[in-house]
Amino acid sequence: MSEQITSRKNELVRAAAKLAQSAARRRESGLFLAEGARLCADAARSGVAVRELFYTARAAEKYASYLAPVLKAAARSYEIAEPVASLLASTDASQGVFCVCAMRGARVLSELPLAHCLALETLQDPGNLGAVLRTAEALGLGSVLLAGECCDVYAPKVLRASMGAVFRLPVFFSETLPGALCELHGRGFSSCAAVPDSAALPVTRADFSRPCVMAVGNEGNGLSQEAIAACETRVTIPMLGRAESLNAASSAAILMWEMMRGGGARHGG
């Protein structure tokens, strides 16, 4: 039987709301807030540790099938009043389902699977990051590496845009991309720098028979010169129209498709 919370001043609710608002609070606590019936169910089904579940009476009726696995997984559950739900919500049309979850433990680069990997350097837009993670999972990439000052992978907009991919796709972190590439080269990875340069090798002609790290830069400036220099090959997406470039999520989707098409199924190892 779930406890009931009717006050917006409840300390558990206020702490959960701060997780949605502050990346610093998420880092300090090792917790994040997921919102939405399907996203919370994805977290529970993916083995994410659910510390607290909050849901409205309306949500319990409307989303019973999604709530079932979360109720089973949650250490504690609370039925909340609608005004309390509005404090937790970061969307205009909230479904009234929220869960506080524990972040997965930090992974070290030596654990990065020997399979195609997308490396993102200082990607700043949460919607772009979420879309990239969703596409990477859908196409079967082995992992995603976030290097430099990327936006927080547990930000509410990233979680929503990823459609739960954050919970399932191996995500690694590195302070600098050149340093990570040096280590991964030593493990047998090839590497490509994605650049908007017609003199670079068209990605459609690149060799992806070996596990490859595809490096993509941020929305405004692309890859750093240091990251480009650290990669073995420069590749570009052939552009036949008038547009000079694509946004980061669109570029990454095309690059990942070519990697998986050219390299076949996931490499083992």
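The values are calculated or read from the model by the stated rules, or taken from the named source; none is laboratory data. All values reported here derive from a predicted model rather than from experimental measurement. Please note: Cβ atoms are built from the backbone with ideal geometry, for glycine as well, and neighbour counts cover all protein chains shown.
For the range 85-103, the set of residues classified as over 17 Å from Glu61 (Cβ atoms) and not in a loop (DSSP other than H, G, I, E, B) consists of Ser86, Leu87, Leu88, Cys99, Val100, Cys101, Ala102, listed by residue number.
Annotation for the range 125-143: no member residue is part of a strand (DSSP E or B) and either modelled with pLDDT under 95 or under 21 Å from Arg8 (Cβ atoms) (or both).
The residue that is nearest to Ala60 (Cα to Cα), counting only those in the range 1-29 that are outside any helix (DSSP H, G or I) and touching a residue at least 12 places away in the same chain (Cβ under 8 Å), is Ser2. Taking the stated definitions as given, is Leu201 buried (at least 22 other Cβ atoms within 10 Å of the Cβ) and either in contact (Cβ under 8 Å) with a residue 24 or more places away in the chain or touching a helix residue (DSSP H, G or I) at 6+ places or on another chain (Cβ under 7 Å) (or both)? It is false that Leu201 is buried (at least 22 other Cβ atoms within 10 Å of the Cβ) and either in contact (Cβ under 8 Å) with a residue 24 or more places away in the chain or touching a helix residue (DSSP H, G or I) at 6+ places or on another chain (Cβ under 7 Å) (or both). Residues in the range 122-154 that are surrounded by fewer than 23 Cβ atoms within 10 Å (Cβ to Cβ), closer than 23 Å to Ala24 by Cβ and of a type in the set (Gly, Ala, Ser): Gly127, Gly148.
Restricted to strands (runs of 3 or more DSSP E) entirely inside the range 166-263, those with at least 2 residues that are of a type in the set (Val, Ile, Thr) are 212-216, 233-236.
Based on this model, can you work out whether Ala49 counts as out of contact with any Ser or Thr (no Cβ under 8 Å at 6 or more places or on another chain) and crowded, with 19+ Cβ neighbours inside 10 Å? Judged against the criteria, Ala49 is not a match.
Considering (1) surrounded by 21 or more Cβ atoms within 10 Å (Cβ to Cβ); (2) farther than 25 Å from Lys18 by Cβ, the lone condition that Val158 does not fulfil carries the number (2).
For the range 211-245, the set of residues classified as at pLDDT 90 or above, loosely packed, with under 13 Cβ neighbours inside 10 Å and among the basic types (Lys, Arg) is empty. Residues that are surrounded by 15 or more Cβ atoms within 10 Å (Cβ to Cβ) and under 30 Å from Ser191 (Cβ atoms) are absent from the range 80-102.
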